[in-house]
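Remarks on the structure that follows.
Throughout, read-outs are computed from the coordinates displayed, never taken from laboratory work. If you're wondering where the values come from, they're calculated on a predicted model, not measured in any experiment. Using ideal geometry, Cβ is built from the backbone for each residue, glycine included, and neighbour counts are taken over all protein chains shown.
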Amino acid sequence: MEEMISRIRSHKSVEGVMIMDRRGAIIQSTLDEEQTTTHANALSNLTAQASHIVGMLNQDDELTFLRIRSKQREIAISSDNGFLLVVLQNP
C-alpha cells in the first residue's frame, strides 16, 4: 500500500491521498488530521449518495469511480471491495 501511495503522490499535482472504508473510517492518509476528518466525512457521504443513485438508475450497476472538479481542486474517488481510494489534486 505504501508503494501505491508513494507512486500516486509522486505526481506534482497531487495534494493528498486517503484510503478509507465506505463508512469513512480512515485506514491511511497523507493529509493532516483535521483535513482527513473533514474530507473523510464529506466524501464517504457523497460516495454513498452517488452509489445509491447509480443503483436506482440501474440495479445491476454499481459505482466504481467518481470525479469532482472545481476551480481549485479535483477529487478522484475509486471504490472497490468496500474501500475508497481518494486522490486530491490541483486541476
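Checked against (1) surrounded by 10 or more Cβ atoms within 10 Å (Cβ to Cβ); (2) on the phi > 0 side of the Ramachandran plot, Asn81 passes all but a single condition, namely (1). Taking each residue of region 54-72 that is part of a loop (DSSP other than H, G, I, E, B) and looking for partners that are among the polar types (S, T, N, Q) and surrounded by 10 or more Cβ atoms within 10 Å (Cβ to Cβ) with beta-carbon atoms closer than 6 Å, six or more apart or interchain, yields Leu63/Ser51; Leu63/Ser79; Thr64/Ser79. Taking each residue of region 14-37 that is assigned to a loop (DSSP other than H, G, I, E, B) and looking for partners that are exposed (fewer than 15 other Cβ atoms within 10 Å of the Cβ) with beta-carbon atoms closer than 6 Å, six or more apart or interchain, yields Arg22/Gly82; Gly24/Asn41.
Across region 47-77, the number of residues qualifying as under 17 Å from Gly16 (Cβ atoms) and loosely packed, with under 15 Cβ neighbours inside 10 Å comes to 6.
Only residues that are farther than 15 Å from Arg9 by Cβ and either assigned to a strand (DSSP E or B) or in contact with a Leu (Cβ under 6 Å, 6 or more places away or on another chain) (or both) were counted in region 76-91, giving 6. Restricting attention to region 55-66, the residues being closer than 19 Å to Val86 by Cα and hydrophobic (A, V, I, L, M, F, W, C) number 3.
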